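The structure appears below as structure tokens.
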Amino acid sequence: MNIDDALQRLAAAPTHPGLDGLESAVFARIEAERDARAGPPIRIGIITAAAAALLGTAGAVLPTGEAKASASALAPFGASSPLAPSTLLATGP
């Protein structure tokens, strides 16, 4: 079978009537889905970002008494940090 002959027979064959207008229907549905999704998620994202910024600001401005005490005890650049890697290593036999 020659591929050129097969392609000529395929081109000459009648198309299915259901295929007429299929492309435009698919593109219309894609556009409708895109329009349906465009509105609310943007607003929800903005509200979520604003809430996260307010929560982060409130957490930084209003620390509890325990947080202040533990923050001063675990200073990362202090001389005696209990979480320093050198204090966590085994010193040998």
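Bear in mind that the values in this text are calculations on the coordinates, not laboratory data. Note that the coordinates shown come from a computational prediction; the quantities given were computed from them, not determined experimentally. Here Cβ is always computed from backbone atoms with ideal geometry, including for glycine, and neighbour counts include all displayed protein chains.
Taking 7 Å steps out from each Cα toward its Cβ at Leu62 and Ile44 produces label points 2.8 nm apart.
Placing dummy labels 7 Å off each Cα toward the beta-carbon, the span from Ala52 to Phe27 is 3.7 nm. Each Lys or Arg adds one and each Asp or Glu takes one away; over the other residues whose Cβ falls under 15 Å from the Cβ of Thr15, this sums to -1.
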